[in-house]
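The values are calculated or read from the model by the stated rules, or taken from the named source; none is laboratory data. Computed from a prediction, not measured in an experiment: that's the story for all the values here. All Cβ positions, glycine included, derive from the backbone under ideal geometry; neighbour counts span all protein chains shown. SASA here: full protein model, heavy atoms, side chains in, ligands and nucleic acids out. Shrake-Rupley method; radii C 1.70, N 1.55, O 1.52, S 1.80 Å.
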Amino acid sequence: MTPQPMTTRPTTDRSQRTIIDLSHPLSAATQAFPGDPPVAITIFDSTSTASTAGERHLNCSHLAMSLHCGTHMDAPFHFFGDGLTIDRVLLEHTMGPTVHLRLPWTTDGLTIEPRHLAAYESQLRSARRVVLNTAWHHRWGADNYFTEHPLITGAAGQLLVDWGVVLVGVDTPSVDRPPFEAHLALLGNGVLIVENLTNLDAIPGDLFELIATPLKIAGRDGSPVRALAIV
Ligand SMILES: [Zn+2]
């Protein structure tokens, strides 16, 4: 019997949920962080090679990449040798209610400070997860994507920690640049970071269910995630 081609799964189901994909595709064309090795996908077997009675050829690929390429999660171990590794992060922190905060960047740049967050304190304390939509994801592929992106200050990062936030997602390649004050405040307090989110404008409201669960890579610093908004 000839196998039927896989159909694309619908994005809605009987419970009227809509699943919005917040992830960039991963391919050899995916931009890596400057200095990181590029994504390499090597095809080591293919159904385009004729199968014989004794040997069936399958589509099999080998993936090599930085764990910080594309849409991914940083574990505390990324910055702290004694920090939690990606296989040990609390799964309940990687999914759940999430505030969608729209803070669009301007040509003057954008540095997210405590004053940008103040009005959302109660929502952030309640949801404990936040995705910052700076609209920088529209710059994906641009020359300055990795160099001029919006930043979170250390003080803003610390405020999120103080409010009990457990996950911070951004549509930029990093929450900050050296000296990494936001990374240090967040990861230093066990807050997970998701970077390179995209498609955030498809989220209709200010609150959604996020799923951004990492691979169980033993003892390491991060992982690609398939980030989803359930609305
Ligand atoms: Zn990272």
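Here are the numbers for the structure shown:
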quantity	calculated
Answer residue from segment 186-204, given it is part of a loop (DSSP other than H, G, I, E, B) and within 16 Å of the ligand (Cβ to nearest atom) and is surrounded by the most Cβ atoms within 10 Å (Cβ to Cβ) among those	Asn196
Any hit, segment 154-161, residues being assigned to a loop (DSSP other than H, G, I, E, B) and surrounded by 16 or more Cβ atoms within 10 Å (Cβ to Cβ)	no
Residue selected from segment 26-74 under the condition open to solvent by 30 Å² or more (accessible area, probe 1.4 Å) and in contact (Cβ under 8 Å) with a residue 40 or more places away in the chain, by the criterion farthest from Val225 (Cα to Cα)	Pro34
Unique residue being within 20 Å of Ser223 (Cβ to Cβ) and either touching a Gly at 6+ places or on another chain (Cβ under 9 Å) or open to solvent by less than 20 Å² (accessible area, probe 1.4 Å) (or both) when the list is His93, His149	His93
Filter result (within 16 Å of the ligand (Cβ to nearest atom), outside any loop (DSSP other than H, G, I, E, B) and open to solvent by 10 Å² or more (accessible area, probe 1.4 Å)) within segment 205-231	Pro214, Pro224, Val225
Out of Thr85, Thr98, sole residue that is within 15 Å of the ligand (Cβ to nearest atom), closer than 27 Å to Asp162 by Cβ and β-branched (Val, Ile, Thr)	Thr85
Filter pass, Gly164 being on the phi > 0 side of the Ramachandran plot and either in contact (Cβ under 8 Å) with a residue 40 or more places away in the chain or of a type in the set (Gly, Ala, Ser) (or both)	yes
Members of segment 97-119 found to be surrounded by 15 or more Cβ atoms within 10 Å (Cβ to Cβ) and under 16 Å from the mean Cα position of the chain (by Cα), listed by number	Thr98, Val99, His100, Leu101
Pick from segment 176-201, criterion within 19 Å of Val89 (Cα to Cα) and β-branched (Val, Ile, Thr), ranking: farthest from the chain's Cα centre (by Cα)	Val191
Residue in segment 54-65 that is within 16 Å of the ligand (Cβ to nearest atom), out of contact with any helix residue (DSSP H, G or I) (no Cβ under 6 Å at 6 or more places or on another chain) and either more than 27 Å from Pro37 (Cα to Cα) or assigned to a loop (DSSP other than H, G, I, E, B) (or both) present	yes
Complete set of residues in segment 39-55 that are modelled with pLDDT under 95 and not polar (S, T, N, Q)	Ala50, Ala53, Gly54, Glu55
Residue among Ser122, Ser126 that alone is away from the ligand (no atom under 15 Å from the Cβ), small (Gly, Ala, Ser), in contact with a strand residue (DSSP E or B) (Cβ under 9 Å, 6 or more places away or on another chain) and open to solvent by 50 Å² or more (accessible area, probe 1.4 Å)	Ser126
